[in-house]
Structures are given as C-alpha cells and as structure tokens.
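Structure first, then comments.
The values are calculated or read from the model by the stated rules, or taken from the named source; none is laboratory data. What you are looking at is a predicted structure, and each value in this text was computed from that prediction instead of being measured. Neighbour counts run over all protein chains shown; Cβ positions are idealised from the backbone, glycine included. When the accessible area is computed, the model is the full protein with side chains, heavy atoms only, and any ligands, DNA or RNA have been set aside. Shrake-Rupley method; radii C 1.70, N 1.55, O 1.52, S 1.80 Å.
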There are 2 protein chains.
Amino acid sequence: MKGIRRLAEHLDISIGTVSRALNGKPDVNEETRRRVLEAAEQLGYVANQSGRALRKGSTGVIGFMMQTGREITGQGDIFFMSVFDGVQTVLARHKLDLVALLCSSEEDPDDYLKRMVARGFADGIILSATRRHDARFEFLARHSIPFITLGRSLTDVGQPWIDLDFEGMAEMSIERLARAGHSRIGFVWPHGDLNLGYVFIERCREALARHGLTLAEECIFRANPNEAGGYAVARQIKDSAKPPTAIILVNETLVTGLYHGLEEVGLRPGPDIAIIGRRSPQARFLSPSLTGFELSLRDLGIALAESLLSAMPAYGHLYPEVVRRKLWPMSLIDGDSG
Amino acid sequence: MKGIRRLAEHLDISIGTVSRALNGKPDVNEETRRRVLEAAEQLGYVANQSGRALRKGSTGVIGFMMQTGREITGQGDIFFMSVFDGVQTVLARHKLDLVALLCSSEEDPDDYLKRMVARGFADGIILSATRRHDARFEFLARHSIPFITLGRSLTDVGQPWIDLDFEGMAEMSIERLARAGHSRIGFVWPHGDLNLGYVFIERCREALARHGLTLAEECIFRANPNEAGGYAVARQIKDSAKPPTAIILVNETLVTGLYHGLEEVGLRPGPDIAIIGRRSPQARFLSPSLTGFELSLRDLGIALAESLLSAMPAYGHLYPEVVRRKLWPMSLIDGDSG
DNA sequence: TACCAGACCGTAATCGTTTTCGGAAATCCT
DNA sequence: AGGATTTCCGAAAACGATTACGGTCTGGTA
C-alpha cells in the first residue's frame, strides 16, 4: 500500500477526502484537514508527480531550454545563473519549479524540444539561443504550449519575447566611437544561425549610416562564440591589410579570448584598438578595463517569468499589466578599452 | 481522442499492440510494427511521460542538482556546461534525458531535493556542491534512490562519488612553491560549508608538514566563492602585517577577482606574490598567465554518468567494471604567476 | 480429421492522483 | 415537525500508458 491510499487507510477516511484536504479544497471539515495535514507530514507523504500530472494534465514545472557542449551558445554559461535566479523568485510565488532542459550539442534542438513537449514535461517553456529561423517557435505555437523567448527570431509567431536592446547598444557604441574619431569600425559576428548576430550587425549598419559611415565587409570577423573564437579574431585583425581601429562585440564570451589574443599579437585594447563589448561579471576584471554594456540579469529573469506566466491560462489573470515584448535596456559603462 | 488511443484508432488495431510495437516487444508482426512506427512518425506521436512513468514506475530522467543565485557554488557556472556534455553522451546511449534541477538560493537544498524525489522526478540523481555535513546523502540512501556525488562529504553513505584530486593538487602546489623557496604560503577558503574547502586545506597542511612548513592561521583568507570574494582577498593580503608570499586557491571563480584586486593594490602575480589556482577556460587568458590545474570536465562527466548508471538496477549490469569512487586527476600547467 | 504449437493480437487490470457526483447527516427556516 | 439547505465525505470515473493473460488463427503432424 503506497501513496495517498496508505495515508487514507491510516486515517480511515477515503482517498478523495485526503486529496481534497491536501489541495486546500473547500468542502472538507477543518478538523479533518488538520488531521490529514498532520499525518502527511508525519508519514512524509508527497503526492506522486506522475499520477498527479496524468490526472491534472499539468506538471507544475517550467522548462528553460539551453544548449550544452563545447561550442556553447551566444550568451553562455554564467549569464544564465543569474537569470535563473530571477525566474525562480517569480515562479516560487506559484509553487512552480524551474528545471533546465539541457539539449546536448549532439542532438538537434528542434527534435529535443519536440520530445520534451510531447512527453508533457513542462507547462511552460523559456527558449534561449534563438536562431534566425527557429522551427521551435512554430512547433510550440502549433501545440499551444505557453512559451516565451529570450531573443527574437524571424520566425515570430506572436509569442512574448524579451531581447537585449541591440538597437540601443548599436547606437551608443557607434555614437561613442564616431565621436572619438573612429571611422573604420569592425564587428565580430559569432558563427551559427543565432539571431542576435544578424540583428546587431543590422543595427550597427544603420547607426553607422546615421554618422555617415559604412561597415566594410572585411571588417566583419566571424568567430566561434567562445574564448577560442575571440582569440582567433586577434590574429585575423593583425593580418588584415587595413585593420579596423575599433571593434564591437555582441557576445560576452568572446571578449576574454580577444583580449588575450590581442596581447599575443602586440595590440593594446584602448591605445591601439578600441574595444566595446558586454561587461559580464568576469569581464569586469579585465585589464585594461572594458568599455561596454551592463545589465541586470536577475531583473531580466523576473520579467521573463512574469511575461511567461501572463501567457499561461492558469496564471494570466494575475499578470494583466505585464509587458509582453521588451528590449532589455543596458547601460554603457566607461572603461579604458575604448 | 488523444495519445496512443488515437494512434490505435487510426491504424484500427488495439492500443496494446501499438504499445508493444513501439516498445520493441517481440510478439508483434513485423509488418504491423512497421505500420505503427510509420504512423507514429507521421502523426508525431510520442508517449506521454506521465502515463508512462506512472505505469512503469520510472521516468527516464536523470537529475543534476545545482544551486542558482548570486552566491553561487564552489565550482560554479561554466564548469558544469562541459560536465553536462560528458554526462549526456553516456545517457544518450540509454535514451535517458538529463535535466538540471535548479535549487534557488532562497530555498533550503535539503527541502528542495526532498520535494523532487518525492515527486518521483528522476530515476537517478547527481549531487554537486556537496557540503561537509550533507543531509541529502542520507535522504537519498534512505529512499534508495540511485545517486552519485560530485564531491565527498563526511556524511558518506557508501554511494559512488567522484571528486577532484585535492590530495594531488595540494602536494603538487606545495612541492612547487617550496622548491621555489616559499615558506609563507597562504590559502583562500571559500565561505560556506562546502566540503572541498575543508579537504583541500587539510591536504595542504599535510603537504606543508612534509616539507617542514606550517600553515599560519593569519594566512587563511575567507572569501565568498565568486569574483567579488577574490577581489576582497587582495585587500586583505595587502593589509596583512605579515603577508604570504604565495597563495593557493581551490575555487576557480575566485581567481579573476583576485587578479584584479591585486592589480588595484599594486601587487603583480608572479613577481610579487605567487598564485596557484585552477585554470578554467576563462582563467587561461589571464595575464600574467596563471599557474594552475587543468582537467577534462567532459571526461569527468562521462565517468560520473557511468558510475551512476552502474548503481542503477536497470543498467548496473552494463557497467560492471566501472570505478565507483575516484579522485579525478588534474595536471599542473606552468604559467607566469608562480 | 483432430490435435497441437506458435504467432499475433485484443481485453482488461493497473499505476496514483484529482474531481465530479450524489448521498447522508446535520443544520436551518417557517 | 417537516422541508430546504448546508456541510462533509465516499464511490467511481477519468488521465495515458504498459503488460499479464487468454483467445483466435494459421499451419503442421499424426
């Protein structure tokens, strides 16, 4: 005898009543409820997730999908820890749990998500590392799974999203560099179909145009979105016939590699070549200090969760005013690198 | 009509046969099986996780428990991405999925785990950030949930574990520093009850003794296990009446902060004070280059998964030879910092 | 023909919950 | 007192899968 049945037997009442007592349903005597709660505590009873989910059709779990592996995503790693923290503070209010759905780099992200959804794993999903063309959007929409994306995509299906304010980043970077007299500005574009690269470069082009400049094709450097990628870019710059005098990076993990690479080839960030990137927690300790953008990841997580909840039938009414789509603001912090 | 019933109806056969066909059971006509598989593919059918788990009593999911939040664990962040990668390559062989069980810093880890287990969330669990006294061990043992820990604890219950080879790290570090003439060697001890701090300092004491040295109490610096913590240590060192001439760090995230802090107070790693730490992917790009330990996180993940599987009834026979407990070797890489 | 073995497949029980529905007992109202 | 409400609880039907069991059919053999 296991589960709720055991509890019911022990109390000599029916399992229905036990369930109602536990779930705070109204039609149960307060004295009975007290006894049930007490016995549950004492016997260490917790409802079986499978049975409950099967019956209710919902799991109480929110999934945050992310990629693992060596060639990690655009916004890898530490980035997420703080975002999770924000997401969880919101979810905790509704007794929802957050788990990270880890898609191995060896599996196709679309297949992976499909599997997780069909399994009925989560009631709502947060997608990260959005691609320019991302089949996951349509899939989730088709199955009417509530979801929100951290990042945009051409494949928009009207779902809520939050993305970094690349518009603002581009304008502020270019403005600053142009004012400092730079006219040959380069850009590191992470390999892969990640959407953020496309968006940012487009915004940069526009911002450059506003300042009467253009983005030279040979000043666009492709790189894997990790330290090694940044490192390799330094060499490319050095070997370039007409190297840029300034470099802008979207991707935080590229920065440390680039710094190291530049040192190897004898270029100092700042005096020799201006660098503007994202000041991640680690990047804050680079020397010379990095000029770049900071943002509150925890608040971003909070917004993400609230926006997702507002898209879920069961919680939507609790978040009527929530913004569904937002460019997350970042502030440009002065450093010595540009 | 949903799920397997729909599929059965569509094919005009019974749900039992469909299930058998899908699960590769022997007593089903090959032609029928082909039709079922085809229809399943076409209709995008995937078995519902709740129903399946309820009936089978297992979920096909392995949980990797980790802490989120600002004051992140000893071995935070990027560390795990590569470990996950290794774990997943093994799990994929058995069609098992890995999810990260994210325990918010606001919830008690023991309570969190209890909840997840009672929910029947995972068939096996990997524990990280093990504490010196860790109630989770006994809990999982009592409920006979297969688990393995990344890190040891005083609360050993005979479960398999893998831990970094702090013994080797201590001996190699001290050996190297002693040979270089250092006699006043300091140590950064991360705050909290994490077991690794205790282990490493103990091994350092022993190693020092072997070289006729002792660890001065005032050379033990407590710090939060993150960049800010490392940064703060630099100040402490500077203000110390009799500062150490060398510092050893267990925790990878402390290093970048310490480097930055030392620069602020005018101490150069290497010439002014020797530093030995862990060369994480980011730390590899520090300047001056860090003398420290490297290891294969991916292989560690593989070992972790195999060892966990060997402790699970359903898979144990497949991994008869697996090591159940292992000190993971690390190699000391020369740098300019010590 | 009669019998039997093997190959396939359908029926139904089962896993542990939640929830609807209806009934019994208690309480209220006139 | 008697009917109408409430209050509380038990019985039973889902939820979607797996699987033990038994039944039908085929083909082979005596």
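Could you compute how much accessible area chains B and A hide from each other, both sides summed, with a 1.4 Å probe? Nearest 100 Å² is fine.
Working: alone 16250 and 16210 Å², together 28090 Å².
Approximately 4400 Å², summed over both chains.
Can you compute the helix-only [θ] at 222 nm over chain B? Use -39500 (n - 2.57) per DSSP H run of at least 4 residues, normalise by all residues, nearest 500 deg cm²/dmol.
Details: 12 runs with 142 residues, N = 338.
Value at 222 nm, helices only, nearest 500: -13000 deg cm²/dmol.
Give, rounded to the nearest 20 debye, the magnitude of the charge dipole that segment A:154-214 has about its Cα centre when Lys and Arg contribute +1 at Cβ and Asp and Glu contribute -1 at Cβ.
Working: 6 positive and 9 negative charges, 88 e Å.
Computed about the Cα centre, the dipole is about 420 debye.
Test of the criteria: in segment A:21-119, which GluC sites (Glu not before Pro) are in a DSSP loop and have at most 12 other Cβ atoms within 10 angstrom of their Cβ? All intermediate terms of the calculation are to be shown ahead of the outcome.
Details: sites: A:30, A:31, A:38, A:41, A:71, A:106, A:107; in loops: A:71, A:106, A:107.
Qualifying residues, ordered by number: A:106.
Just to confirm, what accessible area per residue do you get for the protein assembly as shown at 1.4 Å probe, in whole Å²?
Numbers: 28090 Å² over 676 residues.
Result: 42 Å² per residue.
Roughly how many debye, to the nearest 20, is the charge dipole of the protein assembly as shown about its Cα centre, given +1 on each Lys and Arg Cβ, -1 on each Asp and Glu Cβ, and no other charges? Intermediate values should be presented prior to the final figure.
Values: 80 positive and 84 negative charges, 312 e Å.
Taking the Cα centre of the protein assembly as shown as origin, the dipole is about 1500 debye.
Considering only A:42, B:266, A:245, whose Cα is most displaced toward the positive end of the charge dipole of the protein assembly as shown, charges sitting on Cβ of Lys, Arg (+1) and Asp, Glu (-1)?
A:42
Pairs of alpha-carbon atoms within less than 8 angstrom and 6+ residues apart define the contacts here; what relative contact order does segment A:192-338 have, in percent?
Working: 193 pairs, mean separation 28.8, N = 147.
In percent, rounded to a whole number, it is 20.
Which whole-angstrom value gives the distance between the alpha carbon centres of segment B:178-242 and segment A:120-152?
Their Cα centres are 47 Å away from one another.
What nm distances, shortest first, do you get from the label point of residue A:217 to those in the other copies when the point sits 7 angstrom along Cα to Cβ?
7.1
Please report, largest first and rounded to whole Å, the three semi-axes of the ellipsoid equivalent to segment B:166-295, where each semi-axis is the square root of five times an eigenvalue of the C-alpha gyration tensor.
Numbers: eigenvalues 75, 52, 45 Å².
Three semi-axes, in Å: 19, 16, 15.
Restricting attention to segment B:219-325, which trypsin sites (Lys or Arg not before Pro) occupy a DSSP loop and are surrounded by at most 12 other Cβ atoms within 10 Å?
Values: sites: B:222, B:235, B:238, B:278, B:279, B:284, B:298, B:324, B:325; in loops: B:279, B:324.
Filter output for segment B:219-325: empty list.
Taking 8 Å as the Cα distance limit and 6 or more residues as the minimum spacing, I'd like the relative contact order of segment B:3-47 as a percentage.
Numbers: 36 pairs, mean separation 19.2, N = 45.
Contact order relative to length: 43 percent.
Loop-only trypsin sites (Lys or Arg not before Pro) in segment B:178-215, please: DSSP not H, G, I, E or B, and at most 16 other Cβ atoms within 10 Å. Don't jump to the answer; show the numbers that get you there.
Values: sites: B:179, B:184, B:203, B:205, B:210; in loops: B:184.
Counting only loop positions with at most 16 other Cβ atoms within 10 Å, the trypsin sites (Lys or Arg not before Pro) in segment B:178-215 are B:184.
Pull up the cross-link candidates among the aspartates and glutamates for residue A:242, meaning alpha carbon to alpha carbon under 17 Å and not fewer than 8 places away within one chain.
Counting by Cα, and skipping residues close in sequence, residue A:242 has these aspartates and glutamates nearby: A:217, A:218, A:272.
Would you please give the FRET efficiency between residue B:318 and residue B:206, computed as 1/(1 + (r/R0)^6) with r the Cβ-Cβ distance and R0 = 41 Å, to the nearest 0.05? Walk me through the numbers on the way to the answer.
Details: r = 39 Å, r/R0 = 0.94.
With R0 = 41 Å, the Cβ-Cβ based efficiency is 0.60.
Can you tell me the relative contact order of chain B? Whole percent, Cα pairs under 8 Å, sequence separation 6 or more.
Details: 599 pairs, mean separation 57.5, N = 338.
17 percent.
Within 10 Å of each Cβ in A:209-220, how many Cβ atoms from other chains are there, averaged over the peptide? Intermediate values should be presented prior to the final figure.
On the way: counts 0, 0, 0, 0, 0, 0, 0, 0, 0, 0, 0, 0.
The shielding value for this peptide is 0.
Give me the log10 of I(q) over I(0) for the protein assembly as shown at q = 0.06, 0.09 Å⁻¹, as the Debye formula computes it from C-alpha points; what are the numbers?
-0.39, -0.85
With all protein chains present, how much of the accessible area of segment B:3-47 (probe radius 1.4 Å) comes from carbon and sulfur, to the nearest whole percent? Could you put the intermediate results ahead of the total?
Values: 1350 of 2880 Å².
The C+S portion of the solvent-accessible surface of segment B:3-47 is 47 percent.
Toward the positive end of the charge dipole of the protein assembly as shown, about the Cα centre and with charges on Cβ (Lys, Arg +1; Asp, Glu -1), which of A:275, B:145, A:200 goes farthest?
After comparing all options, I get B:145.
Can you compute the charge dipole magnitude of segment B:121-273 about its Cα centre, using +1 on each Lys and Arg Cβ and -1 on each Asp and Glu Cβ, nothing else charged? Give it in debye, rounded to the nearest 20. Spell out each step's value before the answer.
Working: 16 positive and 20 negative charges, 64 e Å.
Value, rounded to 20: 300 debye.
Determine the residues within segment B:44-69 where the difference in accessible area between the chain on its own and the full set of protein chains amounts to at least 40 Å²; count protein heavy atoms only and use a 1.4 Å probe.
SASA drop of 40 Å² or more in segment B:44-69: B:46, B:49, B:50, B:54, B:68.
Within 10 Å of each Cβ in B:135-143, how many Cβ atoms from other chains are there, averaged over the peptide?
Per residue, the average neighbour count from other chains is 0.
List the lysines whose Cα lies under 19 Å from the Cα of residue B:25, skipping any in the same chain that are fewer than 8 positions away.
B:56, B:95
Towards the positive end of the charge dipole of segment B:121-215, with charges on Cβ (+1 Lys, Arg; -1 Asp, Glu), say which of B:189, B:178, B:166 has the farthest Cα.
B:178
Pick out which of B:54, B:140, B:308 has the largest mean-square fluctuation in a Gaussian network model of chain B, springs linking Cα atoms closer than 10 Å.
B:54
When all protein chains stay in place, what accessible area (Å², nearest 10, 1.4 Å probe) is found for residue B:315?
For residue B:315, the solvent-accessible surface is approximately 50 Å².
Taking residue B:2 as the anchor, which aspartates and glutamates have their alpha carbon closer than 16 Å to its alpha carbon, excluding any fewer than eight residues away along the same chain?
By straight Cα distance, residue B:2 reaches B:12, B:41.
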